[in-house]
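S.K.: Before anything else, here's the structure in question.
The values are calculated or read from the model by the stated rules, or taken from the named source; none is laboratory data. Only a predicted model underlies this, so the values are computations on that prediction, with no experimental measurement involved. Cβ sites come from the backbone with ideal geometry, for glycine too, and all protein chains shown count toward neighbours.
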Amino acid sequence: MIKKRNIQGVTIECVQGDIANQPDMDAIVNAANARLTTGGGVAGAIHRAAGPGLEAECRPLAPIRPGQAVITGAHNLPNRHVIHCLGPVYGRDNPSDRLLADCYRNALALADEKELSSVGFPAISTGVFGFPLEPAARVAIGTVARSAPKLSFVTHVRFILFSENDRGVFTRMLEELE
Ligand code: AR6
């Protein structure tokens with residue numbers, strides 16, 4: 001089972017781990033809520049590790065809409081930036097596939113604008129927001145692969161999945177890319 005592929009100059013890999021513990025990534029992506037406050041899951045882990053300064057920096061940027069991404073500093077996290085994306089709530093924010101793809105595309109565009117070379121993503125919307133994992137993985141991997149030719153600075157994208165099962169699903173999507 002391959003865990004890494006190079007698509008048009010961008011290395012894409014899938015690992016199992018904690019999004020808040022990726023010290024070699026320039027930016028990590030938060031699966032945020034519209035108000036950009038802390039919460040459970042990914043947002044809870046990121047805000048806990050970053051400290052209260054992150055929420056304070058987020059306040060004037062909120063609210064954001066599904067598919068949107070905004071960028072902040074990383075405060076006490078070991079990264080340079082956090083990119084906050086609001087994924088679609090499955091079954092409510094439609095079309096959910098397009099809104100989820102917007103998250104990945106907009107996050108990568110912000111990272112590229114800031115001239116960052118590496119970005120770590122969680123599986124946006126697949127927890128509290130209820131997006132089924134397999135279609136979410138297809139959108140995530142497909143969107144990053146399609147964005148690759150447009151990126152000038154980003155050369156490394158890592159998907160950080162919480163469970164070994166989720167990593168397996170993302171890895172299969174990566175293998176199946178044409
Ligand atoms: N590292 C990597 N992945 C994680 C981690 C972690 N530390 N913790 C959970 N996951 P979720 P959403 C996985 O719910 O669905 C928040 O409360 C998890 O298993 O964090 O976009 C916000 O405030 C799942 O596969 O994000 C919002 O209100 C995936 O990350 C809402 O939840 C995403 O789960 C956002 O919901």
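S.K.: Please list, ordered by first then second residue, the pairs with beta carbon atoms under 7 Å, 6 or more apart or interchain, first in the range 23-41 and in contact (Cβ under 8 Å) with a residue 12 or more places away in the chain, second basic (Lys, Arg).
M.R.: MET25/ARG158; ASP26/ARG80; ALA27/ARG80
S.K.: Report the residue count in the range 119-166 for those that are near the ligand (Cβ under 7 Å from one of its atoms) and polar (S, T, N, Q).
M.R.: 3
S.K.: Then there's this: What pairs come out if I take residues in the range 145-168 that are over 14 Å from ARG5 (Cα atoms) and pair them with residues that are of a type in the set (A, V, I, L, M, F, W, C) and modelled with pLDDT under 95 whose C-beta lies under 8 Å away, six or more apart or interchain?
M.R.: These pairs meet every condition: GLY168/MET1.
S.K.: Another one. Can you tell me which residue among THR155, THR72 is more than 12 Å from the chain's Cα centre (by Cα) and within 17 Å of ALA34 (Cβ to Cβ)?
M.R.: Of THR155, THR72, the one residue that is more than 12 Å from the chain's Cα centre (by Cα) and within 17 Å of ALA34 (Cβ to Cβ) is THR72.
S.K.: Let me ask another. Could you say which residue among LEU54, LEU99 is of a type in the set (A, V, I, L, M), in contact with an Asp or Glu (Cβ under 9 Å, 6 or more places away or on another chain) and more than 20 Å from PHE162 (Cβ to Cβ)?
M.R.: LEU99
S.K.: Take the residues in the range 36-55 that are exposed (fewer than 15 other Cβ atoms within 10 Å of the Cβ) and in a loop (DSSP other than H, G, I, E, B), then tell me which one is farthest from the ligand (Cβ to nearest atom).
M.R.: The qualifying residue farthest from the ligand (Cβ to nearest atom) is GLY51.
S.K.: Moving on. Have a look at ALA109, ALA62, ALA101 and point out the one that is hydrophobic (A, V, I, L, M, F, W, C) and surrounded by 19 or more Cβ atoms within 10 Å (Cβ to Cβ).
M.R.: Testing whether each residue is hydrophobic (A, V, I, L, M, F, W, C) and surrounded by 19 or more Cβ atoms within 10 Å (Cβ to Cβ) leaves just ALA101.
S.K.: Spot the failing condition for VAL89; the list is (1) more than 9 Å from the ligand (Cβ to nearest atom); (2) more than 30 Å from GLY9 (Cα to Cα), and only one is missed.
M.R.: VAL89 satisfies all of (1) more than 9 Å from the ligand (Cβ to nearest atom); (2) more than 30 Å from GLY9 (Cα to Cα) except (1).
S.K.: Would you please name the residue that is nearest to the ligand (Cβ to nearest atom), looking only at residues in the range 14-35 that are surrounded by fewer than 19 Cβ atoms within 10 Å (Cβ to Cβ) and farther than 13 Å from CYS85 by Cα?
M.R.: That would be ASP18.
S.K.: Suppose we filter GLY87, GLY67, GLY40, GLY53 for residues that are over 15 Å from the mean Cα position of the chain (by Cα), closer than 20 Å to THR126 by Cβ and of a type outside the set (Asp, Glu); which single one remains? First the steps, then the outcome.
M.R.: Values: GLY87 fails: over 15 Å from the mean Cα position of the chain (by Cα); GLY67 fails: over 15 Å from the mean Cα position of the chain (by Cα); GLY53 fails: closer than 20 Å to THR126 by Cβ.
That would be GLY40, the only listed residue that is over 15 Å from the mean Cα position of the chain (by Cα), closer than 20 Å to THR126 by Cβ and of a type outside the set (Asp, Glu).
S.K.: Among the listed residues GLU115, GLU57, GLU13, identify the single one that is in contact (Cβ under 8 Å) with a residue 60 or more places away in the chain, out of contact with any helix residue (DSSP H, G or I) (no Cβ under 7 Å at 6 or more places or on another chain) and of a type in the set (D, E, K, R).
M.R.: Being in contact (Cβ under 8 Å) with a residue 60 or more places away in the chain, out of contact with any helix residue (DSSP H, G or I) (no Cβ under 7 Å at 6 or more places or on another chain) and of a type in the set (D, E, K, R) holds for just one of GLU115, GLU57, GLU13, which is GLU13.
S.K.: Also: Is it true that THR72 is at pLDDT 95 or above, out of contact with any helix residue (DSSP H, G or I) (no Cβ under 7 Å at 6 or more places or on another chain), in a strand (DSSP E or B) and away from the ligand (no atom under 13 Å from the Cβ)?
M.R.: The answer is no for THR72.
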